[in-house]
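What follows is a short report on a single structure.
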Amino acid sequence: MMSTARPADSGLAGPGDLDRYPYAESHGRDRVIPPVWDGPDQDLGRVGRRAAGSRGRGLHGQLVQQLGQMIVSGDLGADRPLVPEEIGQRFEVSRTVVRESLRVLEAKGLVSARPNVGTRVRPVSDWNLLDPDIIEWRAFGPQRDDQRRELGELRWMIEPLAARLAAGHGREEVQQRLADMVEIMGHALTQGDMLTFSRADAEFHSLLIQVAGNRMLEHLSGIVSAALQVSGGPGSGCDRPSESSLVHHSRVVDALAAGDGAGAEAAMRQLLTVHPEVERVVPAPREH
């Protein structure tokens, strides 16, 4: 079982580097006792617990989370070698767990494995920045501000267009489902149930993109879901329930029912700018 790292003469990481990232608790026989956080950056400690705790994937998933967080945070910089044997020894996991974890990270563009070179961390330009895990790791790491801004800008481009396209599809069962989500959100807001509100909100936005009739847009629905799960920042758009937010959701539904593409697009833009931090959500001209 994975446990607190042993001291080792390793080129992978120095004392307190790998060891300082706490693990999530998993259920059953694979339950892992997290190492004590003693690093200098208390915020990164909270990040590790929050991100890893959102998944119950056992040892393999925990190792993916730990290494992924460390790469994205910059603790394991570009071109840093990752030696499987040293990872296995430091985290007390089998070669199979290490191998499969590195394969997952390679699929995300975080590392590359080459004959006679080994496994190394890849530069940010090679990462799959649309991967939901990388979105989460960036959002709760040192790049949190950039991630939330970029997500807000991307949603500003995607969702109003999706709303316009969805208005032309007139599927009554979908419109009813969207209306149901708004009703659930309204009830949750009254009850102060923010978890139910956020879940209904996420389904609303994901469903809207899926019914836009554009398969490429549909593949981006996961990005919106990931953005909505990133709480505590303005880039999430609807992560702070309010009466104003609820009104704009309803206006989107009404415009869809009327087949009003322009109205649906306008209502979605208003929905994405209902917070005081609007200047950080709506793309602004950048200085070059």
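See the values below:
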read-out	value
Modelled FRET efficiency - R0 30 Å, E85 with L130, Cβ distances, 0.05 increments	0.40
Stretch gain in nm, segment Q270-A257, where the contour uses 0.36 nm per residue and the Cα spacing is subtracted	2.9 nm
Accessible area expressed per residue, segment 112-270, with surrounding protein chains retained (probe 1.4 Å, Å²)	47
Inter-probe distance in nm under a simple model that places probes 7 Å from Cα toward Cβ, at V117 and V174	4.3
Segments 153-164, 182-193 sorted - mean Cβ within 10 Å per residue, highest first	153-164, 182-193
Per-pair calculated FRET efficiency, R0 = 41 Å: A78 and L207 via Cβ, rounded to 0.05	0.60
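The values are calculated or read from the model by the stated rules, or taken from the named source; none is laboratory data. Source: prediction; values computed, not measured. Counting neighbours? That spans all protein chains shown, and the Cβs are built from the backbone with ideal geometry, glycine included. For the accessible areas, the whole protein counts, side chains as well, though only heavy atoms, and no ligand, DNA or RNA atoms are used. Shrake-Rupley method; radii C 1.70, N 1.55, O 1.52, S 1.80 Å.
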